[in-house]
Amino acid sequence: MKAKWIFGLSAWMLAVLSSPAAQPYDFGNPSPEEEWMRFCINRARTDPEAEADRLGLDNTHGDDVPDGAYDVGEGITISGVADQRTYWSRYQGPRQYVAWSAALNAASRNHCDDMHTYSFFSHYTAGSSHGYPNGSGPDYRGYAEGYPNHFIGENIATNNSAGSYTAETVHNGLFTEPEVVGRGHRKNLLHSFWREIGAGRVSRPPNLSGWTDFWTTDFGSDAFYSQVVDPWPPIDTVYVTGTVFDDLDSDGAYQPGEQMPGVMVRVYDSGGAELQYYAVTADGGGYSVPLLTGAGADVPAGENVEVLMFDPAGQRYLRAVRTVQDGDVVFEDTAAEVPDTYHQRFNVGLDVEADQLAQAVGGDANLDGCADGLDYIIWSNNYQQSDRWWGEGDFDGGGYVDGLDYIIWSNNYLQGCPAAPGPVPEPTGLLLLTLAGLALIRRRRYKHHQS
């Protein structure tokens, strides 16, 4: 006899069940080393003054009063500004995370490959295996790979000791760079209007010039006029982005070996409807998801989004709510006393460490900490469907929702729930036959192996 089972559906759950299926977002597949570079850059952008102090910068300029107040301005000067502190202040304070761009990542990697292959070190192409004409700069290469804006900044670096020129070594050098007048690389790292990034690395035996390691970092922004018609994602799209890693050395920072690839990242609006895209963390543990509704509209400033992460390897999850913010970004690198500003929404930064993830309850499809009737509905709506994930009822990670997943749910029914345990809802008669068939197949296979 079937158990009676009564429950109500929340507005949030109705929105989840009725929202259109999200699509995977292609942000490239940054490697662990490339992710390390972005992590270092985003750390610096989150608190530029702290990064300057971490790297031991000491601004001895007479305008640095009180002493050490503008260490991020060490070596940065520009003519036409009476008080250099006015200029340095443009590089202080937090700025938005930069999100991965597949197009910029391709352009960065290709430029590294070309510099090594054709033995040149320049922002301008002098031989290419990727179709870039000689003399083309970062703006051309990014646009050629599909980036919808010609406004691109670039940092490059090279070394002649294969495998030793790590992301952090390069970042530290570009941020401090005492031999470079004006500290242009540091300014490029910290421009508040940058929104997307690509980071490429090549490490090979010495080329004809004796160079082994090449790094290219390309920065882009849609705060400026885009010279394409109807670009995609739409202009002014912002992202939730970050790095998911297991901090094995407990230093609070990411480095290769700590990456967590394959983590599902889904994003929902304040009403519970899933956004247009989701992401799976790359080989380096990074991710970027555009904040676009199912209808393709930008999530406005002031709205909350809920980020749901799920690690299938450990069956762990995290829920985090963040607010989309907006404000003015400054075109810092100008001698004007009052620089140009652009009002825009900001990327949402969210780095996650493994110890922040909670263990999922078997069968808890919506990852609310409780395996209940709502999870049964999700499972039943996806029954006998392939290419599904935990949040769609595939609890054993087999890629297919079947009776074995129901068994996992039923064995954990009401686990983690505040309500007192009750009878387990039974599936339909057809499904019961399916489950019986599964058991029979298992028994027959068992006997065959014993013969």
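Table for the structure above
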| item | result |
| --- | --- |
| Mean ellipticity per residue at 222 nm, deg cm²/dmol - from DSSP H runs of n ≥ 4 across the chain, formula -39500 (n - 2.57) | -7500 deg cm²/dmol |
| Largest-first ordering by accessible area, 1.4 Å probe, given options T237, T323 | T323, T237 |
| Solvent-accessible area per residue, Å², over region 225-339 with all protein chains present [probe radius 1.4 Å] | 40 |
| Accessible area in the full protein assembly, largest first, 1.4 Å probe, for T125, T77 | T77, T125 |
| Area accessible to solvent at F151, 1.4 Å probe radius, in Å² | 70 |
| Largest to smallest accessible area among V321, V307 [probe 1.4 Å] | V321, V307 |
| Lone cysteines, the chain (no partner Cβ under 4.7 Å) | C40, C112 |
| For the chain: relative contact order, % (alpha-carbon pairs under 8 angstrom, 6 or more apart) | 16 |
| Carbon + sulfur, % of accessible area of the chain - ligands and nucleic acids excluded, 1.4 Å | 53 |
| Cα radius of gyration and Dmax for the chain (Å) | 25.8, 91 |
| Cα centre as origin, Lys/Arg/Asp/Glu Cβ charges: region 340-395 dipole, Debye | 180 |
| Surface accessible to a 1.4 Å probe, per residue, for the residues of region 63-178, Å² | 37 |
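The values are calculated or read from the model by the stated rules, or taken from the named source; none is laboratory data. This structure is a prediction, so every number in the text was calculated from the model and none was measured. In this analysis, Cβ positions are derived from the backbone assuming ideal geometry, glycine residues included, and neighbour counts consider all displayed protein chains. Protein only, heavy atoms only, side chains kept; ligands, DNA and RNA dropped before computing areas. Shrake-Rupley method; radii C 1.70, N 1.55, O 1.52, S 1.80 Å.
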